[in-house]
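What follows draws every value from the coordinates through simple rules; no lab data is involved. Only a predicted model underlies this, so the values are computations on that prediction, with no experimental measurement involved. As a convention, Cβ positions derive from the backbone with ideal geometry for all residues, glycine included, and neighbour counts pool all protein chains shown.
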Amino acid sequence: MSSSDSSSSGSSGNRSFATLRQFIRQRAPVEVCEMCSARLAADHQHLIEPANRKLICACDACAILFGSQGEMKYKRVPRRIRFLPDFHLTDAQWESLMIPINMAFFFRSTPTGQIVALYPSPAGPTESLLSLDSWDEISESNPAVKKMEPDTEALLVNRVASARGHASSEYYIVPIDECYKLVGLIRAHWRGLSGGAKVWEEIGAFFAGLKQRSICDGDRFHA
């Protein structure tokens, strides 16, 4: 990797860590809207600042002022979760993305005009340099990916169980805050070289929760 690539990855990593800290820091007993200071329920909305990938907590009244598209400083993060049972991704296509583990998320960044690939690690979110040719081939085979809202929605890929021969791979289009929630969970619970039993229990519960809350977006069901 060149020095310019390293500098770029470092900058992107800093932005991702700033977002991640919101999900692993000690929470105050009562959270408040970062726009108007109103008290928030545990299940509240988020806004994202695409320029630095910063998520902020928001009440419904403030969140509704922002769309998920457009040129505003903040975008509202949508709440729908779509399970993609008919997603097509071959092992060769996955390997062409050069992601070193079998879990990652991908979103279109409007500030850079590119697809960003991040994968969780015990140290936090790590950005991978992505081949756009490989991504274009995958998106052509999976039209749902083209409908993702920039900055606020991501394709979340979980091929861990499949790689171990235990279960099928899972593919979701999720709100971007869910991705950082997963990264924070892994960072908080990872122990030793293999992560330990606890972190894998938490990861399993996370994906089970996603599927429970999701709508099925495939050939048989439509959002």
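Annotation: extensible slack from Trp200 through Leu65 equals 44.8 nm (criterion: 0.36 nm per residue apart, minus Cα-Cα distance). The length gained by stretching the chain between Asp86 and Ser162 to full extension, at 0.36 nm per residue less their Cα-Cα distance, is 25.8 nm.
Find the relative contact order for the stretch 42-116 and round it to a whole percent, using C-alpha pairs within less than 8 Å whose residues are 6+ positions apart.
Once normalised by length, the contact order is 24 percent.
For a straight C-alpha distance cut-off of 26 angstrom, the lysines reachable from Lys146 (same-chain residues fewer than eight places away being disregarded) are Lys54, Lys73, Lys75, Lys181, Lys211.
Neighbour counts of other Cβ atoms within 10 Å put Phe206, Phe105, Phe66 in the fewest-to-most order Phe206, Phe66, Phe105. Modelled spin labels at Asn102 and Arg79, positioned 7 Å past Cα toward Cβ, are 3.4 nm from each other. The Stokes-Einstein estimate for the stretch 82-216, based on a Kirkwood radius over Cα pairs and taken at 20 °C with 1.002 mPa s viscosity, is a diffusion coefficient of 141 µm²/s. Cβ-to-Cβ counts within 10 Å put Ile56, Ile115 in ascending order as Ile56, Ile115, the fewest first.
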